[in-house]
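The values are calculated or read from the model by the stated rules, or taken from the named source; none is laboratory data. This one's a predicted model, so the numbers in the text were calculated from it and none came from an experiment. Surface accessibility is based on the protein's heavy atoms, side chains included, excluding ligands, DNA and RNA. Shrake-Rupley method; radii C 1.70, N 1.55, O 1.52, S 1.80 Å.
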Amino acid sequence: MRSLSVTGLVIMCELDEPVPENTGPHMSMKMTQYLRLSDDSMIRLDMDRGVTGFHHGRRDVVSRKQPAADVINEVLALVRDDDRENPDSFPWEAYAEAAQLRGISVDADALRDLPHTVLLSDELTEIYEF
């Protein structure tokens, strides 16, 4: 592991189990974050996020059609750092710490320059009607 380098951040989005208390139309999505390594393997970061969307007052099927760019921007907003002074920043320090705990030698500055990819499951692309 120590000989591998980090080549990017990958955020995988999948349909999550529905929230049982919600009886109206809703959808839950989980976002699992990984670091992609130089051998194309991925190391999961224990920094999962999730979101549930509702349509209050509706009982029928709701269209969630929206452009892919809007969905990706929403995902990125949810995984980014909660730093009010720099709202477009990812939690690079936390990513570096998680990688180091897994034996990957990388620091936050090195991670900042790497590309990030958002992947949506087939179920989500169907729901968002891409």
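Some observations on this one:
- Amide H contacts of ASP107 (H built 1.01 Å from N, in plane; Pro and chain starts excluded): no residue 5 or more places away or on another chain comes under 5 Å.
- For the pair THR7 and ILE72 in one chain, pulling the backbone fully straight at 0.36 nm per residue adds 21.4 nm over the alpha carbon distance.
- With protein chains left intact and a 1.4 Å probe, residues in region 72-123 average 63 Å² of accessible area per residue.
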